[in-house]
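To keep things clear, I will list the structure first and then write my remarks on it.
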Amino acid sequence: MKKTIATIYHFTQGIKKYFLFAVIATALAVFFQFLTPQVIRFTVDYVIGTEPSALPPFVMGGIEELGGRDFLRSNLALVASAVVLCALLNGLFAFTSRMSTATFTENVIKRMRNTLFEHTQKLPYSWQVKNPTGDIIQRCTSDVEVVRHFVSHQLLQIIRTFLLIVVSLLLMFSMNVTLSIVALVFIPLVTLYSAFFFSRIRKKFKVCDEQEGELTVAVQENLTGVRVVRAFGRERHELELFDEKNEKYTNSWIRLGSTLGLYWGLGNFATGLQVFAIIAVGVVLASRGELTLGEFLVFVSYNQMLAWPVRAMGRILSDFSKTSVSISRIREILDAEEEQPEPEGKTPDLSADIVFENVSFSYGGEPVLKNLSFTIEKSTTFGILGSTGSGKSTIAALLNRLYDLPEGSGSIRIGGVDLREIERSYLRRNVGVVLQEPFLFSKTIGENISITTPGASPEEVRAAASAAALDESVMGFKKGYDTIVGERGVTLSGGQKQRVAIARTLMQKPPIMVFDDSMSAIDLETDAKIRQSLRGERGNATIIIISHRINTLMDADKILVLENGEAAQLGTHDELMECEGVYRRTFEMQSEAASDLIFGEEGEI
């Protein structure tokens with residue numbers, strides 16, 4: 001509970017005044033709400049009846065000056081006007097309270113959303129990989145909406161409920177102690193059974209929230225991989241999987257609904273029992289002359305006002321249980337440690353040699369890289385060849401500091417400066433990485449290419465696209481560079497997406513460019529064109545090409561061959577071809593495979 005309140009309070013800095021306005025307006029609305037029954041009591045007992053007035057002396061002094069009881073009996077419209085005025089003022093202050101609460105709530109939730117989004121941008125890549133995207137989205141949307149509902153509807157209601165209970169009991173005790181005790185007996189009863197249900201509702205809502213996250217993940221993955229689903233005819237399987245998760249989600253809400261139904265049913269019974277007890281005891285007291293008719297009417301009215309907030313306590317507890325679960329799920333994101341900026345991060349010239357020295361790395365299991373050492377000379381092209389799982393992409397991830405090399409696991413230095421000492425944001429701006437499966441935004445082709453270089457001219461965009469052997473393809477589209485690529489570039493082929501990503505990196509003109517199997521979907525002819533363009537466009541840039549295809553690597557100045565995370569071979573294409581090893585065997589197999597595709601197994605076209 002403390003964490004829930006503390007989390008909400010954290011987002012109220014600078015906007016507490018709106019909540020204060022809402023509290024004051026609520027208190028005034030409650031005042032006029034309670035004043036109306038007192039006007040009715042005064043009318044029944046004093047104006048119509050013969051009972052003495054219970055109004056304060058200064059109020060009665062003014063009434064006596066107007067003519068007292070006889071004057072009011074002949075001008076009952078004044079009494080009716082007083083009731084209407086109380087209702088109007090009650091409505092006015094209720095409206096003010098609602099508006100102030102809305103302003104307060106939306107500002108709190110706006111800050112919460114901004115904080116969550118900003119925080120997720122700063123979380124380590126390793127955290128992003130471990131947590132499903134759909135679940136993160138669900139926490140940042142549905143869970144935030146639960147908090148919004150609580151702050152908007154229940155937070156101020158806590159204060160209003162407290163005021164209604166306290167004021168009701170004070171006024172009731174001032175009129176009749178016996179009847180007040182009867183009303184008071186039911187409050188601890190409702191409070192106890194509300195507390196009993198609170199923990200159960202909270203647990204069941206947590207289950208519902210987690211299963212909603214699983215459902216969101218299933219939908220997100222299905223929509224993201226819709227082409228794979230269709231290509232392999234997996235629609236039925238995906239539907240059955242979704243139906244299974246949806247069934248669990250539905251049943252969890254049914255179980256929660258059953259618990260809430262029992263809770264509200266008992267609440268209705270307790271409320272009805274309280275009203276019956278008040279009326280029964282009140283009739284007896286009134287028949288004995290211990291209670292006036294006006295007091296009895298006011299007592300019934302106040303009991304209704306008391307019964308409502310007592311019932312509201314249950315709703316507040318129910319909503320608070322949901323909110324506490326949502327806050328705990330939101331806090332799991334906010335409490336995740338951000339990538340810490342270097343206290344004195346260095347910004348060296350990255351046009352320098354890159355040295356891997358005794359580098360070992362694992363993702364928590366078996367080592368992916370094992371005591372790996374090699375040097376990439378500046379302004380050269382360096383190729384990395386290896387089978388799946390040999391550690392090729394891990395080198396790119398370490399070089400870009402998506403993962404930090406642990407202490408005692410060797411070192412990676414650029415120009416003699418340890419990578420861990422270089423300012424992370426500076427490093428990533430200057431190390432351009434093109435992945436095998438590049439991500440494209442739902443923008444135009446031109447916007448995707450220039451996203452790393454805001455304000456770039458159309459000529460610059462087209463020059464980068466030409467270097468990536470993309471310009472001819474783009475100009476074949478009806479809208480050219482204004483063509484919308486669709487979500488994740490769905491309207492483009494795999495090779496076109498890779499070339500857009502290559503052009504995007506070339507626009508950035510970083511001193512180090514890493515191509516992580518980013519030409520795997522490109523034909524050999526286009527591959528050769530791109531590599532030729534890279535040699536002309538790179539200037540002093542260091543180029544690292546990671547690939548399983550030797551044709552892509554053979555022109556590199558040096559080629560590193562990885563095998564099980566270790567350096568199996570290192571040299572130029574000609575040097576590696578002169579000796580037995582993985583490189584030569586791979587070249588021969590790929591050449592034989594290419595020959596079979598062209599000439600067929602019998603040597604005929």
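The values are calculated or read from the model by the stated rules, or taken from the named source; none is laboratory data. Only a predicted model underlies this, so the values are computations on that prediction, with no experimental measurement involved. For neighbour counting, all protein chains shown are included, and Cβ atoms are generated from backbone atoms with ideal geometry for every residue, glycine included.
Hand me the list of helices (runs of 4 or more DSSP H) wholly inside segment 458-576 holding 3 or more residues that are more than 30 Å from residue 371 (Cα to Cα). Walk me through how you get there before you give the answer.
Working: elements: 458-467, 471-475, 494-508, 524-537, 550-553.
Of the helices (runs of 4 or more DSSP H) lying wholly inside segment 458-576, those with at least 3 residues that are more than 30 Å from residue 371 (Cα to Cα) span 458-467, 471-475, 494-508, 524-537.
Based on what the data block shows, is residue 77 among the aliphatic types (A, V, I, L, M) and either on the phi > 0 side of the Ramachandran plot or out of contact with any helix residue (DSSP H, G or I) (no Cβ under 9 Å at 6 or more places or on another chain) (or both)? Break it down into steps so the answer makes sense when it comes.
Numbers: among the aliphatic types (A, V, I, L, M): yes; either on the phi > 0 side of the Ramachandran plot or out of contact with any helix residue (DSSP H, G or I) (no Cβ under 9 Å at 6 or more places or on another chain) (or both): yes.
Yes: the conditions hold for residue 77.
Within the bounds of segment 171-182, is there any residue that is polar (S, T, N, Q), in contact (Cβ under 8 Å) with a residue 24 or more places away in the chain, part of a helix (DSSP H, G or I) and buried (at least 16 other Cβ atoms within 10 Å of the Cβ)?
Within segment 171-182, none of the residues are polar (S, T, N, Q), in contact (Cβ under 8 Å) with a residue 24 or more places away in the chain, part of a helix (DSSP H, G or I) and buried (at least 16 other Cβ atoms within 10 Å of the Cβ).
Anything in segment 115-159 that is outside any helix (DSSP H, G or I) and in contact (Cβ under 8 Å) with a residue 40 or more places away in the chain? List them, or say none.
123, 124, 132
Would you mention how many residues in segment 143-159 are among the acidic types (Asp, Glu) and surrounded by fewer than 19 Cβ atoms within 10 Å (Cβ to Cβ)?
Narrowing segment 143-159 to residues among the acidic types (Asp, Glu): 143, 145.
This time we only want the ones that are surrounded by fewer than 19 Cβ atoms within 10 Å (Cβ to Cβ), so: 145.
Result for segment 143-159: 1.
Which one of the conditions (1) surrounded by fewer than 14 Cβ atoms within 10 Å (Cβ to Cβ); (2) over 25 Å from residue 424 (Cβ atoms); (3) among the basic types (Lys, Arg) does residue 122 fail to meet, given that it meets all the rest?
Condition (2) is where residue 122 drops out.
Matching residues to (1) in a strand (DSSP E or B); (2) aliphatic (A, V, I, L, M); (3) under 29 Å from the mean Cα position of the chain (by Cα):
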site: 402; (1), (2), (3): no, yes, yes
site: 409; (1), (2), (3): no, no, no
site: 427; (1), (2), (3): no, yes, yes
site: 433; (1), (2), (3): yes, yes, yes
site: 441; (1), (2), (3): no, no, yes
site: 446; (1), (2), (3): no, no, no
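State all residues of segment 364-379 that are in contact (Cβ under 8 Å) with a residue 60 or more places away in the chain and part of a strand (DSSP E or B); if no residue qualifies, say none. Steps first, please.
Here is the first cut: in segment 364-379, the residues in contact (Cβ under 8 Å) with a residue 60 or more places away in the chain are 367-374, 376-379.
Listed by number, the residues that qualify are 367, 368, 369, 370, 371, 372, 373, 374, 376.
Being among the polar types (S, T, N, Q) and more than 30 Å from the chain's Cα centre (by Cα) is the filter; apply it to segment 448-479 and report the residue that is surrounded by the fewest Cβ atoms within 10 Å (Cβ to Cβ). Write out each step before concluding.
Kept after step one, since they are among the polar types (S, T, N, Q), are these residues of segment 448-479: 448, 450, 452-453, 457, 466, 473.
Restricting the remaining residues to those that are more than 30 Å from the chain's Cα centre (by Cα) gives 457, 466, 473.
Working: 457: 10, 466: 17, 473: 18.
Restricting to residues being among the polar types (S, T, N, Q) and more than 30 Å from the chain's Cα centre (by Cα), the top hit is 457.
Only one of these is out of contact with any strand residue (DSSP E or B) (no Cβ under 7 Å at 6 or more places or on another chain) and more than 26 Å from residue 110 (Cβ to Cβ): 141, 133, 191. Name it. Full working, then the answer.
Details: 141 fails: more than 26 Å from residue 110 (Cβ to Cβ); 133 fails: more than 26 Å from residue 110 (Cβ to Cβ).
Residue meeting the stated conditions: 191.
Is it true that residue 542 is at pLDDT 90 or above, among the hydroxyl-bearing types (Ser, Thr, Tyr) and either exposed (fewer than 15 other Cβ atoms within 10 Å of the Cβ) or in the same structural domain as residue 498 (by TED's automatic domain parsing) (or both)? Show your work before the answer.
Details: at pLDDT 90 or above: yes; among the hydroxyl-bearing types (Ser, Thr, Tyr): yes; either exposed (fewer than 15 other Cβ atoms within 10 Å of the Cβ) or in the same structural domain as residue 498 (by TED's automatic domain parsing) (or both): yes.
It is true that residue 542 is at pLDDT 90 or above, among the hydroxyl-bearing types (Ser, Thr, Tyr) and either exposed (fewer than 15 other Cβ atoms within 10 Å of the Cβ) or in the same structural domain as residue 498 (by TED's automatic domain parsing) (or both).
Just need a number here: residues in segment 243-295 that are touching a residue at least 24 places away in the same chain (Cβ under 8 Å), among the small types (Gly, Ala, Ser) and surrounded by fewer than 16 Cβ atoms within 10 Å (Cβ to Cβ).
Total meeting the criteria: 0.
Residues checked against (1) crowded, with 16+ Cβ neighbours inside 10 Å; (2) assigned to a helix (DSSP H, G or I); (3) at pLDDT below 90; (4) not assigned by TED's automatic domain parsing to the domain that holds residue 43:
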residue	(1), (2), (3), (4)
84	no, yes, yes, no
87	no, yes, yes, no
96	yes, yes, no, no
105	yes, yes, no, no
113	no, yes, no, no
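So residue 401 clears everything in (1) at negative phi; (2) crowded, with 20+ Cβ neighbours inside 10 Å; (3) without any contact (Cβ under 8 Å) to a residue 60 or more places away in the chain except one condition, right? Which one?
Condition not satisfied by residue 401: (1).
Quick test for you: out of 361, 356, 382, pick the one residue that is in contact with a Lys or Arg (Cβ under 7 Å, 6 or more places away or on another chain), assigned to a strand (DSSP E or B) and crowded, with 18+ Cβ neighbours inside 10 Å.
Details: 361 fails: in contact with a Lys or Arg (Cβ under 7 Å, 6 or more places away or on another chain); 356 fails: in contact with a Lys or Arg (Cβ under 7 Å, 6 or more places away or on another chain).
Within the list 361, 356, 382, the selection yields 382.
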